[in-house]
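S.K.: Before anything else, here's the structure in question.
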Amino acid sequence: MTKTEIPQELFVKAEVDKEAREHIARPNLTAFQDGWLRLKKNKAAVCSLFILIIVILLALFGPVFAKHTFFDTDYSQIYKSPSAAYPFGTDQFGRDQWARIWQGTRISLLIAFTAAFIDLFIGVTFGAVSALFGGKVDAVMQRIIEVLVGVPQLIIVILLMMVMPAGIWTIVLALSITGWVNMARLVRAQILKLKSQEFVLAARVLGTSNREIILKHLIPNTVGVIVINAMFDIPSAIFTEAFLSFIGIGLAEPNASLGVLINNGYHVLQNFPYLLIFPALVIILIMVCFSILGDGLRDALDPRMRQ
Amino acid sequence: MPEEKVILQVKNLKRYFNVGKNQTLKAVDDVSFSIYRGETFGLVGESGCGKSTLGRTIIRLYGATGGSVRFDGADVHGKMSAAQSHELSRRMQMIFQDPYASLNPRMKVMDIIAEGIDAHHLAKSAQERAQMVVDLLEVVGLQEEHANRFPHEFSGGQRQRIGIARALAVNPDFVIADEPISALDVSIQAQVINLLKKLQEERKLTYLFIAHDLSMVKYISDRVGVMYLGSMAELAESRELFDNPLHPYTQALLSAIPLPDPDLEQSRSRVPLQGSIPSPINLPECCHFCSRCPKATEQCRKEAPKMVEVKPGHFVACHLMKSPQA
């Protein structure tokens, strides 16, 4: 092998621009824009969001634009198949199934959102207090949670139904008594993890007050967990409500929730299947879409998942 | 050294952790030293020897189990008013080890750096606050447009410089650097170290520099303390310690530094250490190094050695050093 001589003159000093070295090519985005950009890439989540918006709009305005109210009975029109006048048919009292389904969806969603909101409020407060105070306070609060988890939810709900009148708020209360436990556990775990992170230590070293540490460091880093868990809370609340109505301890006639409708349809399944199929389809759509959207949000909201 | 030059005096500092029934982990056990104004005090030792715990106890992230830390004459763990305590937190700052964990991923660089400015109300208006942040970014070699970015958009070295800017925002006198370079690439290490040196000259800072990279400590420190299992083994001026190590542990440690010259590296003789570091839980009363020391005697296994000044400014905790060398 012969050595190839490269003459000195051919070397040129590479000039590195100091500004360019520290340059970041990525456009400057806020956290919200960034999350939305990444959520948009997830086709399934966007579809779910779209379907959910339609379902919610129908639940809000469907009953308003229906020709019949959900409690109007018309004994000349019982068990009609779906037609132009009655898009989803009529039930055993001749009530418009279209109006009843959207009224039912409205009530189911109302119950679910209220229950999820109460879960969120109690769960986040309980979990955060438990994690921040630690020691004996934490131990006692965790035992309370364990006791609540130990009692089957169905028994609490049935006992509650015995002493309270059947209605929306009884169901919301029943769902909330134990529903917040998961949220409290997740928030506690997250805050315990954050508490010993170096950026929280740095804030303490800088003399930041406890209140500021909670507001600026702990809560913002827990929001992702909270939002996602609330997203999963909603379908599970809808499902529990449907289940309670189905076994007959939910809402009373003429009020309709999706569970009540499914229960009614189930009795006449062999002759009039459309009375079961349509409310079942709506509940499936809501549950699947909330789950997919929750999954998509989890990925989109986590800044560490960014590329 | 005259008394007024001492900025930080650590005296018999102890920090124990209860790790179970009748089990105490003595992370820092009876450590004493002083740091002089304007110097860099290097603290070395292997993983788990209590370096970081010592740093965190000094800056009050942990309470002290015993002993005292005096900063400018005031006992930092003693009783003091909220205002005094707040002022103390302005004067003592810390740079953290992991640049990925030490910045809040949800906050913009502007708010991260301004955190200390907000906590101590150093800026009178929003514009002044923004200007201070931009100035600090320039000091650490970053640009104004970086202020509106989130930490995950930066490289490790850039993040560490943001951490440095955050510590400097409150104009501290004393900075504890807790392994500030161990998570960075070698090329970036030099950049950060040179920045720290430059800042020290410009702002008359005093550093407690915690590290396990000996050549880096040699480069930056004026005086070096060597820790082993929670206690100080040897303390001397940097040059004296590296040229003339007296403690068997320091000798072993220094002999492990690789040399850049391959010919010298070939002939480098190492002092091998037998065994591994014992568990720091419920240590018996003895020289903690006796289980691995090639020169251990009966006395070493029976009583803990005291720090002895063998030469002016050179302290060793070893029974073999009882009398100044003949």
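Just so you know, all these numbers are worked out from the coordinates, no wet-lab data involved. Here the structure is a predicted model, which is why all the values come from computation and not from measurement. Heads up, the Cβs are rebuilt from the backbone with ideal geometry, glycines too, and the neighbour counts pull from every protein chain shown.
S.K.: Anything in chain A that counts as a DSSP H helix reaching 30 Å or more along its axis (C-alpha) with Kyte-Doolittle mean of at least 0.0? List them, would you?
M.R.: Within chain A the helices that satisfy the rule are A:43-65, A:97-133, A:168-195, A:223-246, A:274-301.
S.K.: Here is a further query. Near B:LEU241, within a Cβ-to-Cβ distance under 10 Å, what is the net charge of the other residues, with Lys and Arg +1 and Asp and Glu -1?
M.R.: Working: positive: B:LYS218, B:ARG223, B:ARG239; negative: B:GLU234, B:GLU237, B:GLU240, B:ASP243.
Once positives and negatives cancel, what remains is -1.
S.K.: So what's the angle, to the nearest 10 degrees on a 0 to 90 scale, between helix B:82-91 and the longest Cα principal axis of chain B?
M.R.: 80
S.K.: Could I ask something else about it? Name the cysteines of chain B that stand alone by the Cβ rule: no other cysteine Cβ under 4.7 angstrom.
M.R.: B:CYS49, B:CYS286, B:CYS293, B:CYS318
S.K.: Right, another one. For a Förster distance of 22 Å, can you work out the FRET efficiency between the beta-carbons of A:VAL227 and A:LEU57, rounded to the nearest 0.05?
M.R.: 0.50
S.K.: Let me ask something additional. Can you say what percent of the DSSP beta bridges in chain B, counting only those with both residues inside, are antiparallel? Round to 5.
M.R.: 65
S.K.: Kindly put B:LEU54, B:LEU253 in sequence by how many other C-beta atoms sit within 10 Å of each C-beta, fewest to most.
M.R.: Ordered from fewest to most neighbouring Cβ atoms within 10 Å, B:LEU54, B:LEU253 come out as B:LEU253, B:LEU54.
S.K.: Shifting gears a bit: Under a straight-distance cross-link criterion of Cα-Cα below 19 Å, which aspartates and glutamates are reachable from A:LYS136, leaving out those fewer than 8 residues away in the same chain?
M.R.: Correct list for A:LYS136: A:GLU146.
S.K.: Please work out how much length the chain gains when fully extended from B:ALA126 to B:SER269, using 0.36 nm per residue of separation minus the C-alpha to C-alpha distance, in nm with one decimal.
M.R.: Details: separation 143, 0.36 × 143 = 51.48 nm, distance 6.01 nm.
Here the answer is 45.5 nm.
S.K.: For B:SER68 paired with B:SER47, estimate the spin-label separation in nm (one decimal), with each label point 7 Å from Cα along the Cα-to-Cβ line.
M.R.: 3.7
S.K.: Can you give the alpha-carbon Rg of the protein assembly as shown over 2.2 N^0.38 Å, where N counts its residues?
M.R.: 1.32
S.K.: Now for a different question. Under 27 Å from the Cα of B:LYS295, which lysines turn up, not counting those fewer than eight places away in the same chain?
M.R.: B:LYS26, B:LYS51, B:LYS218, B:LYS306, B:LYS311, B:LYS322
S.K.: Report the residues of the range A:35-58 in range of a label on A:LEU285: point 7 Å along Cα→C-beta, backbone N strictly under 19 Å from it.
M.R.: Counting only backbone N, you get A:44-58.
S.K.: For A:PHE113, what is the net charge nearby, where nearby means another residue's Cβ is under 12 Å from its Cβ and Lys, Arg count +1, Asp, Glu -1?
M.R.: Taking every Cβ under 12 Å from that of A:PHE113, the sum is -2.
S.K.: Oh, and also: Using a Gaussian network model of chain B whose springs link C-alpha atoms within less than 10 Å, name the residue from B:LEU142, B:LEU13, B:LEU259 with the highest mean-square fluctuation.
M.R.: The residue that fluctuates most here is B:LEU259.
S.K.: Rounded to whole Å and ordered largest first, report the semi-axes of the equivalent ellipsoid of chain B derived from its Cα gyration tensor (root of 5λ).
M.R.: On the way: eigenvalues 261, 109, 67 Å².
Rounded to whole Å, the semi-axes are 36, 23, 18.
S.K.: Would you pull out the residues with amide H under 5 Å of A:LYS80's amide H, same chain only if 5 or more places away, H placed 1.01 Å from N?
M.R.: A:THR90
S.K.: Can you tell me which of A:86-95, B:127-136, B:219-228 comes out highest on packing, and rank the rest after it, using the mean Cβ neighbours within 10 Å? Write out the running numbers ahead of the final one.
M.R.: Values: A:86-95: 19.6, B:127-136: 16.2, B:219-228: 22.2.
My ranking of the peptides, most packed first, is B:219-228, A:86-95, B:127-136.
S.K.: Roughly how many nanometres apart are two label points built 7 Å out from the Cα toward the Cβ at A:GLU146 and A:LEU10?
M.R.: 7.6
S.K.: Once you list every other residue whose beta carbon is under 10 Å from the beta carbon of B:SER89, what net charge do they have if Lys and Arg are +1 and Asp and Glu are -1?
M.R.: +3
S.K.: Rank these for me by crowding, B:HIS120, B:HIS146, going from fewest to most other beta carbons within 10 Å.
M.R.: Result, fewest neighbours first: B:HIS120, B:HIS146.
S.K.: Any lysines with Cα under 17 Å of the A:LYS80 Cα? List them, leaving off those in the same chain fewer than 8 positions away.
M.R.: Output for A:LYS80: A:LYS67.
S.K.: What is the projected area of the convex hull of the Cα atoms of the range B:214-283, averaged over all directions, in nm²?
M.R.: 5.6
S.K.: In the structure shown, do any of A:LYS195/B:LYS108; B:LYS14/B:LYS204; A:LYS193/B:LYS79 have a Cα-Cα gap over 24 Å, and if so which?
M.R.: Listed pairs above 24 Å: B:LYS14/B:LYS204; A:LYS193/B:LYS79.
S.K.: Same structure again: Top mean-square fluctuation among A:ALA99, A:ALA252, A:ALA242, Gaussian network model of chain A, C-alpha springs under 10 Å?
M.R.: Looking only at A:ALA99, A:ALA252, A:ALA242, the largest GNM fluctuation is found for A:ALA252.
S.K.: Okay, which of the range A:89-104 sit inside 16 Å, backbone N to the point 7 Å along the Cα-Cβ direction of A:TYR75?
M.R.: A:91-95
S.K.: To continue, here is another question. log10 I(q)/I(0), Debye, Cα-only chain A, no solvent, q = 0.07 Å⁻¹?
M.R.: -0.42
S.K.: Then there's this: For B:VAL308 and B:ASN18, what is the calculated FRET efficiency with R₀ set at 25 Å and r taken between the beta-carbons, to the nearest 0.05?
M.R.: Here the calculated transfer efficiency is 0.20.
S.K.: What's the ranking of A:188-194, A:125-131 by average number of surrounding C-beta atoms within 10 Å, highest first? Spell out each step's value before the answer.
M.R.: Working: A:188-194: 18.3, A:125-131: 20.4.
With the highest mean Cβ count within 10 Å placed first, the list reads A:125-131, A:188-194.
S.K.: Still on this structure, I have one more. Given H placed on each backbone N at 1.01 Å, which residues far from A:GLY250 in sequence or on other chains put an amide H within less than 5 Å of it?
M.R.: Close amide H contacts, sequence-distant or interchain: A:SER245.
S.K.: Once you've got the GNM for chain B with C-alpha springs shorter than 10 Å, pick whichever of B:VAL271, B:VAL139, B:VAL19 has the biggest mean-square fluctuation.
M.R.: Largest GNM mean-square fluctuation: B:VAL19.
S.K.: From the C-alpha gyration tensor of the range B:140-224, pull out the three semi-axes of the equivalent ellipsoid (sqrt of 5λ each), sorted largest to smallest, in whole Å.
M.R.: Numbers: eigenvalues 95, 52, 21 Å².
Rounded to whole Å, the semi-axes are 22, 16, 10.
S.K.: For the range A:9-15, take each phi angle, set θ = phi - 60°, evaluate the Karplus expression 6.51 cos²θ - 1.76 cosθ + 1.60, and give the result in whole Hz per residue in order, putting x for glycine and proline.
M.R.: Ordered by residue, 3J(HN,Hα) equals 5, 5, 7, 10, 6, 6, 8 Hz.
S.K.: Measure nothing but the geometry: give the 0 to 90° angle between the long axis through the Cα atoms of B:126-139 and the longest principal axis through the Cα atoms of chain B, rounded to 10°.
M.R.: It is inclined by approximately 50 degrees.
S.K.: Rounded to whole Å and sorted largest first, list the principal axis extents of the Cα atoms in the range B:275-326.
M.R.: Here the spans come out as 34, 19, 18 Å, largest first.
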